[in-house]
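Before any comments, here is the structure.
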Amino acid sequence: MPLLEIRDVTKRFGGLVALDAVSLDVNEGEILGLIGPNGAGKTTLFNCATGFYRPDLGQIRFEDESLLGLSPHQICLKGIVRTFQIVKAFHTMTVLDSVATGAFARTNNMEQARKKATSALELVGLSDKKRVPIKGLNIVDRKRLGLGCALATEPKLMLLDEVAAGLNPVEIDQVTGLLRRIRDLGLTLLVVEHVMKLIMPVADKIVVLHHGKKIAEGKPSDVARDEAVIEAYLGRE
């Protein structure tokens with residue numbers, strides 16, 4: 001049984017159909033890449049899966065329980081957490097305290113929250129900056145911060161929205177290794193990404209959206225050769 005099941009999900013905004021009967025499965029322990037042009041519906045799908053939007057039609061189930069009607073907080077407690085394209089944080093807080101806020105999903109104890117935050121910061125490579133105010137972080141460290149905040153909630157499934165956006169090739173390689181380490185801890189990842197250098201080598205499976213519809217699904221090597229995907233997104237080169 002899949003960890004996350006999305007079945008025939010449709011989401012409309014007035015006359016715009018952002019998602020058109022999209023179905024996909026995310027299996028436990030895998031990294032699934034979700035790609036497609038801007039406006040394809042990728043972030044809308046994330047918003048539906050995490051309670052920010054409610055689908056007009058379809059079903060979303062996690063561990064065989066429906067998520068429809070649950071708030072983002074309730075879905076987080078189920079074990080699903082997401083990051084955002086732009087890291088949302090209180091700029092005057094330190095890195096440690098910001099990540100500790102994620103840990104409060106599971107504990108009301110400040111000492112325990114900071115302990116969990118410290119472990120998350122070690123994993124994402126920010127231990128040496130835990131006392132630094134967030135406003136002093138560069139873009140790659142802000143990406144790591146977003147991952148650390150998500151990890152501190154103790155998730156089973158992480159939905160990551162463009163973690164490589166704005167990074168240089170060396171930083172992309174570092175994030176690729178980090179995603180593999182997170183998966184090796186037993187977590188499952190659903191990753192929206194435009195940077196093919198990251199998602200193609202790290203994903204077990206790729207799903208492609210275009211104009212709100214799923215146009216391809218399969219191994220990265222197969223998807224990269226799919227004529228519909230080449231035409232819609234990857235390009236002939």
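Taking 8 Å as the Cα distance limit and 6 or more residues as the minimum spacing, I'd like the relative contact order of the chain as a percentage.
On the way: 470 pairs, mean separation 60.8, N = 237.
Rounded, it is 26 percent for the chain.
Derived value for segment 9-107: Kirkwood hydrodynamic radius 15.3 Å. Basis is the mean of 1/r over every pair of different alpha-carbon atoms.
For segment 120-237, the calculated P(r), taken from all Cα-Cα distances in 5 Å bins from zero up to the bin holding the longest distance, is 2, 10, 20, 21, 18, 13, 8, 5, 3, 0 percent. Sorting 184-192, 135-143 by their mean Cβ neighbour count within 10 Å, with the most densely packed peptide first, gives 184-192, 135-143. Here is the P(r) of the chain: all C-alpha pair distances, binned every 5 Å from 0, give 1, 7, 14, 18, 19, 17, 12, 8, 3, 1, 0 in whole percents. Scanning the chain for DSSP H helices at least 30 Å long along the axis (C-alpha atoms) with a Kyte-Doolittle mean no lower than 0.5 picks out nothing. Going 7 Å from the Cα of VAL17 along its beta-carbon direction, which residues of segment 193-237 have the amide nitrogen within less than 20 Å of the resulting point? Under 20 Å, as judged by backbone N against the label point of VAL17, lie 208-217, 228-229, 232-233 of segment 193-237. Net length available on complete extension from ARG181 to SER71 is 36.7 nm, with 0.36 nm assigned per residue and the Cα-Cα distance removed. Would you list the P(r) distribution for segment 33-74, with all Cα-Cα distances sorted into 5 Å bins from 0 and each bin expressed as a whole %? With 5 Å bins starting at 0, P(r) equals 5, 23, 28, 22, 15, 6, 1.
Electrostatic tally near LEU96: other residues with Cβ closer than 12 Å to its Cβ, Lys and Arg +1, Asp and Glu -1, net +3.
If segment 90-154 were replaced by its equivalent ellipsoid, with semi-axes equal to the square roots of 5 times the Cα gyration tensor eigenvalues, what would those be, largest first, whole Å?
Numbers: eigenvalues 62, 26, 18 Å².
Ellipsoid semi-axes (Å, largest first): 18, 11, 10.
Only DSSP H runs of four or more residues enter the estimate; each adds -39500 (n - 2.57), and after division by the residues of the chain the mean residue ellipticity at 222 nm equals -10000 deg cm²/dmol.
FYI, it's all coordinate maths here, none of it is from the lab. Since this is a predicted model, take the numbers as computed values, not measurements. Quick reminder, even Gly has a Cβ in these numbers, built from the backbone with ideal geometry, and neighbours come from all protein chains shown.
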